[in-house]
Amino acid sequence: MQKIIIGNLKMNLLTIAERDQYLESFKKELKKSKISDLDVVLCPPAVHVENFVKKNKTKNVAIGGQNIFWEDRGSYTGEISAAMLKNLGAQYVIVGHSERRKYFSETNVDANAKIKNALKNGLVPIYCVGETKEDREAGNESQVIAEQIVEGFADISSAKAASIVVAYEPVWAVGSDVIPKSDEIMQVKILLKRIFADAYGITVAEKIKVLYGGSVKAASAKQVCTDAGMDGVLVGRESLIPNEFIKIAEIINANQF
Ligand code: PEP
């Protein structure tokens, strides 16, 4: 299966000049790179989605949002819908990121409603799951992750489930510069695939991409992706530095199996 690298630019690129400089530098680094068979997704803040779509002319680079609401339109002040992102040319959207769970108290049930709305509007959901440090210390990581998956995928047909991208992002590894060992990541992948196989059968389970996210850098890309048997990575801070992001992409691209 073709691997994928996703950049979550979070709440950055505050000015038009900063945004344009980022895009220029990204394009330059991509052109110089040796990336051939890799899907690349950039998720800028919603206010930049339209511009990123217009300025991105590269076939294997897609643009995504960082969050959506679960309704298409209406009296939901401050919210952005999947339909809006789709109509601007976005193809993906991040759902259930740990920062949304932490600062906005988003639940698995909220994520499920958002995933369903994203799918209805033709966006690929990138569903983030992962345990906190306390969950892991208590030995509860499998239970927490299983719950996030079962509740997040509730009432989603197998045809639709196959297109969802899942990002395993241990909360303690996001933004921390601490990363899990390859076998710890692989154990979560096995858990996820087992849940998907039980719910939807082996063929669908094989199609659901499972990524790793949390403090990925060029130096750790092989360890957290290839060695852990993952289908790609979700990159936060390093995606703001185009040459570092493309370096990670090259490592993922070169180590496909
Ligand atoms: C993220 O925001 O999804 C993320 C993985 O962040 P970082 O790479 O900065 O840990």
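Bear in mind that the values in this text are calculations on the coordinates, not laboratory data. These numbers come from a predicted model, not from an experiment. Methodologically, a virtual Cβ is constructed for each residue, glycine included, from the backbone with ideal geometry; neighbour enumeration extends over all protein chains shown.
Please determine, by comparing only the residues of the range 82-112 that are buried (at least 21 other Cβ atoms within 10 Å of the Cβ) and not in a helix (DSSP H, G or I), which one is farthest from the chain's Cα centre (by Cα).
Once the filter is applied, the top-ranked residue is Ala90.
Any chance you could count how many residues in the range 70-103 are within 16 Å of the ligand (Cβ to nearest atom) and out of contact with any helix residue (DSSP H, G or I) (no Cβ under 9 Å at 6 or more places or on another chain)?
Qualifying residue count, the range 70-103: 3.
Take the residues of the range 225-249 that are touching a Gly at 6+ places or on another chain (Cβ under 8 Å) and under 28 Å from Lys160 (Cα atoms): which is farthest from the ligand (Cβ to nearest atom)?
That would be Cys225.
For the range 165-186, give me each residue that is touching a Lys or Arg at 6+ places or on another chain (Cβ under 8 Å) and of a type in the set (Val, Ile, Thr).
Correct list: Val165, Val166, Val171.
Being charged (D, E, K, R) and within 15 Å of the ligand (Cβ to nearest atom) is the filter here; which residues of the range 210-224 pass it?
Scanning the range 210-224 gives a single hit, Lys217.
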